[in-house]
Amino acid sequence: MDPALAQVLDRSRAVGFLGPGPIETHIEHAERFGRALGSADCRFADIGAGGGVPGLPMLVAEPGLSAVLIDASRKRCSFLVWALAELGLVDRAEVWCGRAEQIGREARGRQAFDAVVARGFGPPAVTLECGAPLLRDGGRLVVSEPPVARRWPVDAVAAIGLNQIDAEAGVAVFERRGPLPPSLPRSTKQLKRSPLFEIA
């Protein structure tokens, strides 16, 4: 385990941005996201990146990766800016402070990434609706899964422009294909009030 990464994640946990459990466990989970990208040389977005996982361990492990770490909290964004400097990653990664659903409607973010990763971002339908618009055609969305994998509704997922292509313990992998519905992502209020689908 990289000592500098361990120190950064220890600080993340100390300030309440990272959950309990050994740092090694958080890093091992992040490695699953890295494997699911399908490439060690791509640009990804980590949505809800505030605690630094999985984005920071992925960047440390693979020098071919570049990233934008997205979070709506200014405090978490300040931590991420510090973390990138501490880990010597400022040449390969940057922090965007804002809501993923807003960035997905902006030119800088819409269909701008080879991959999107999301760990604990929000309810399943919200995660997919916010993640899909950030992906280029053919890009991958990797979402954290509970110990027992969820059954994603095929038709509802397809309506977002996604197709589930893989699942390994801890993550589900989707690929974006075809036209992206121009109405997505919807506003924050609509996301909360009327999710596109329900899933256990």
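Computed from the coordinates by the stated procedures, all read-outs in this text should not be read as laboratory data. All figures in this text were calculated on a predicted structure; none of them were measured in a lab. FYI the Cβ positions are ideal-geometry reconstructions off the backbone, even for glycines, and counts take in every protein chain you see.
What ranking do 97-103, 14-20 get when scored by the average of other Cβ atoms within 10 Å per residue, highest first?
On the way: 97-103: 19.7, 14-20: 12.9.
So the order, starting with the most tightly packed, is 97-103, 14-20.
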| query | log₁₀ I(q)/I(0) of region 3-193 at q = 0.10, 0.13, 0.15 Å⁻¹, via Debye over equal Cα point scatterers, no solvent, to two decimals? | reply | -0.35, -0.61, -0.83
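Using R₀ = 25 Å, calculate the FRET efficiency as 1/(1 + (r/R₀)^6) where r is the Cβ-Cβ separation of Glu106 and Ala167; round to 0.05. Could the numbers behind the result be given before it?
Working: r = 31 Å, r/R0 = 1.22.
Calculated transfer efficiency: 0.25.
Among 33-40, 105-112, how do they line up by average Cβ neighbours within 10 Å per residue, starting with the highest?
Numbers: 33-40: 18.4, 105-112: 14.0.
Result, highest mean Cβ count within 10 Å first: 33-40, 105-112.
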| Per-residue HN-Hα couplings for region 100-108, Karplus 6.51 cos²θ - 1.76 cosθ + 1.60 at θ = phi - 60°, whole Hz, x for Gly and Pro? | 4, 5, 6, 4, x, 9, 9, 4, 5
| query | Cα axis of helix 3-14 to longest principal axis of the chain: angle in degrees, 0 to 90, nearest 10? | reply | 70
| said: So if I take the centroid of the Cα atoms in region 97-155 and the same for region 1-37, what is the distance between those two points in Å? | reply: 21
| Lone cysteines, the chain (no partner Cβ under 4.7 Å) | Cys42, Cys130
| query | Share of antiparallel DSSP beta bridges in region 3-193, in percent to the nearest 5? | reply | 35
